[in-house]
Amino acid sequence: MKKVRCAIYTRKSSEDGLEQEFNSLHAQREACAAYVASQKHEGWVLLPEQYDDGGISGGTLERPSLQRLMRDVEEGLVDQIVVYKIDRLTRSLADFAKLVDKLDAADASFVSVTQSFNTATSMGRLTLNVLLSFAQFEREVTAERIRDKIAASKKKGLWMGGSVALGYEPDGRTLKIKEDEARTVRALFDIYIEKRSLIDTTREAERVGLRTRPRRGRTATASSQEQAVPFARSQIHYILANPVYAGLIRHKSQIHEGQHPAIIDRAVWGTVQSMLITGSGRARGSGASSSGPSPLAGKLFDETGDRLTPTHANKKGQRYRYYISGRMITGKVEDCQSNPASGWRLPAKPLEDLLARAVVDHLRNQAPGALLQNASIEAIAHVQQVLDNAGRSQGENRSILACVHRATITPGKIELTLDQDRVAELLGVEPLSIDPTTLRFEAPFQLRKRGVESKLIIGHGHAQRLDATLMRSLAKAHHYYEAIKRGATFEDIAAAEKLSKRRILQVIDLAFLAPDIVRAVVHGEQPIALTAKWLGQNSLPSDWEAQRRLITTR
């Protein structure tokens, strides 16, 4: 009898009660262990390793024990995952699909001891999807309740947790002034009003010895647990723009009267906001990337390392902006393994809009608990609200693009690195609360040309609609191929379909497309030029990797 190695996974969303001698995790493990014992006749064996995640939401896969469990599954150490209920494993349908793919790849499976169904049948899969849908619904409703509570509380001027602004310390549901830090805040406002420049304010603050609040470093030694450093320009901007210092509470785009005392006089704070908005206090030399006509200037590079330069053309009195590889302007190829005509010429407005959308989508797709370090539930809910509303107004794209530190374009993808300070400013949190590992990502990138028109596609979420014609052709290809395997000839199929033999040969080639290309077609994520007509006019290589290279460059 084959031995089935079973690993029990337990989870609890909150930390309440975990300190008890017998808590929810123990109860889950006990029930799962009893179930494994009842399956001894099937060869089930319980592994001694414990995979417990206490105080972590099921809305994210970023759970230490779950990650360790999945690594053991991939290494072939676990055959069966046993959970008390399915929602202990995940509350997200999308996350569950990812876990199932990993389990299938490792020839492993899972079982819920209190929800018995067979996923080998259509009814079992329907039951599973219904259960997961309700689990996800419950999580989303809970998040909505938290967001509503935060909104109502902030409207009353209450402080709802999160990072405490410099100059304050918590006092129940409000804040009280911490005088030694408040002196630093007042000094920064005074210096800015005098210098009228963020860069000059930063330099002067460092010269006079103003420092941030001592903060525990990630790699701090036992003898150096805390450190205070000079203010960065972005930190000073965050302080100057924070309405908390005027006795106010911000909630999304609204500002309410707070119940805490003000450090800065309301009139002085208003003057500083006017200076920041009008640009009279903008750092000199820094406006090109954040407030100029081309917000991605200096940030875009191609696969050769060549910088893309903003340029424009005038046609019939209309100005059109572009980002263009430097070698296409200079004609020089010494610094790149290419030729002058091989560079990029990208329409600026579509590129900026799509990149802004890709940045917001990436941040939304991060679990807030993973995006923020050691954040409270209130802070996570606040960030979730900011992201839910980000990018809805056209004018907001410029502040989103300011988060881009570097973007490298290669055929088929674009690699982005985000600026930690700018992301923190966008989300309304302190820079050091952002996990830097979440600030690098890739997105699919395609430039399609049809005549004189160029169309950009960045990311999967904004691909074209499903190509019904192409999907029908794929289905027919597999139908024809099955008929050939049963002994039919191409002439037989052509006669039955009332088509020419040449057409049957064209279509049947689609049965040999790489599986990932087929999945892209089914989900509407294929390159825009990949159509049934193009496939009918162009033969594809049988090698899947060669197919991918050819289709990526379409």
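Is there any pair with a first residue in the stretch 427-456 that is closer than 28 Å to Leu372 by Cβ and outside the structural domain of Ala241 (by TED's automatic domain parsing) and a second that is among the aromatic types (Phe, Trp, Tyr) and modelled with pLDDT of 80 or more whose Cβ atoms are under 8 Å apart and which are 6 or more apart or on different chains, and what are they? The qualifying pairs are Glu430/Tyr238; Pro431/Tyr238. Listed by first and then second residue, the pairs with beta-carbon distance under 6 Å, at least 6 apart or on different chains, first residue in the stretch 17-45 and under 16 Å from Val113 (Cα atoms), second among the basic types (Lys, Arg) and surrounded by fewer than 19 Cβ atoms within 10 Å (Cβ to Cβ), are Val45/Lys3; Val45/Arg5. Of the residues in the stretch 414-428, at least one is assigned to a loop (DSSP other than H, G, I, E, B) and modelled with pLDDT of 85 or more. Filtered by the rule that a residue be of a type in the set (Asp, Glu) and farther than 17 Å from Lys3 by Cβ, the stretch 48-91 gives Asp52, Asp53, Glu62, Glu74, Asp87. Could we say that Ala105 is at pLDDT 80 or above, within 30 Å of the chain's Cα centre (by Cα) and farther than 20 Å from Ala246 by Cβ here? It is true that Ala105 is at pLDDT 80 or above, within 30 Å of the chain's Cα centre (by Cα) and farther than 20 Å from Ala246 by Cβ.
Just one of (1) at pLDDT 75 or above; (2) small (Gly, Ala, Ser); (3) over 34 Å from the mean Cα position of the chain (by Cα) fails for Ala356. It is (3). Residues that are part of a strand (DSSP E or B) and either closer than 23 Å to Arg250 by Cα or modelled with pLDDT of 70 or more (or both) do not occur anywhere in the stretch 375-390. Run down Tyr84, Tyr9, Tyr51, Tyr35 and say which single residue is farther than 30 Å from Arg364 by Cα, surrounded by 16 or more Cβ atoms within 10 Å (Cβ to Cβ) and either of a type in the set (Ser, Thr, Tyr) or in contact with a Lys or Arg (Cβ under 7 Å, 6 or more places away or on another chain) (or both). Going through Tyr84, Tyr9, Tyr51, Tyr35 in turn, just one is farther than 30 Å from Arg364 by Cα, surrounded by 16 or more Cβ atoms within 10 Å (Cβ to Cβ) and either of a type in the set (Ser, Thr, Tyr) or in contact with a Lys or Arg (Cβ under 7 Å, 6 or more places away or on another chain) (or both): Tyr35.
The values are calculated or read from the model by the stated rules, or taken from the named source; none is laboratory data. What you are looking at is a predicted structure, and each value in this text was computed from that prediction instead of being measured. Note that we place each Cβ from the backbone using ideal geometry, even for glycine, and neighbour counts take in every protein chain shown.
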